[in-house]
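For reference, the structure discussed in these notes is given below.
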Amino acid sequence: MRKIIEWAVGASPRFKARITGVVYLLYFLTAIFAEFLNGRKLIVYSNAANLVAYAFYLVLTLLFYFMFKPVNRYTSFIAALFSLAGCAIGALSLFYPAASRISPLIFFGPYCLLIGYLIFRSAFLPRILGVLMVLAGLGWLAFLLPRANYLSACIEALGILAEGLLMLWLIVMGVNNQRWKEQARAV
């Protein structure tokens, strides 16, 4: 275990970003599989897949926290808290109906807003990804409004586009090593 931690600490920011993208992909695939199972009325299996998806999202939250810590430590921490709360509410709602009255989007909307802000302020990722994530966060929050039902397909498409592009960028390109290190040194 110690060697794994030493290896992870010594890995380049680009490699860590690519691992983050892979975890993001695993989250997406697991969440889509859970929805597929739910559509087939396989609720127990769907709940199990959703738990795995939330576990991936917890790991993703921690990876994003460390990735964006050089941009702004406090904003990255607050974003992580929002995401952790959303994961907890989402996981609890699978088993406790009372918890399902609180939508995880109340937490994931601000999380996307904050991640978008951090991406925009970073020197190591394209700003357009930050703008898209802010729009996705606003969309997730708008999704909570009663009259947003007629916009649900557009909101979901925007969220999937923004998060999907961020995921793909991280897998394919990672982050700019030099700029990440410069921003980390400045902190």
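Read-outs throughout are calculated quantities, based only on the coordinates presented, and are distinct from any laboratory measurement. The structure presented is a predicted model; accordingly, all values stated were derived computationally and were not measured. Positions of Cβ are generated from backbone atoms using ideal geometry, with glycine treated the same way; all protein chains shown enter the neighbour counts.
Each pair of Cα atoms in the range 1-125 enters the Kirkwood radius, and Stokes-Einstein at 20 °C and 1.002 mPa s then converts it into a translational diffusion coefficient of 137 µm²/s. Can you tell me, using C-alpha contacts under 8 Å and at least 6 residues apart, the relative contact order of the chain as a whole percent? Reported relative contact order: 25 percent. Taken over the chain, lysine pairs spaced eight or more positions apart, or on distinct chains, with alpha carbons under 27 Å apart number 6.
Here the spin labels are modelled as points 7 Å beyond Cα on the Cα-Cβ line, and at I106 and L92 they lie 1.0 nm apart.
Calculated mean residue ellipticity, 222 nm, the chain: -26500 deg cm²/dmol, from DSSP H runs (n ≥ 4) at -39500 (n - 2.57) each, averaged per residue and rounded to 500.
DSSP loop (so not H, G, I, E, B), at most 16 other Cβ within 10 Å: list which trypsin sites (Lys or Arg not before Pro) in the range 23-123 pass both filters.
Those that pass, being in a loop and sparsely packed, are R40, K41.
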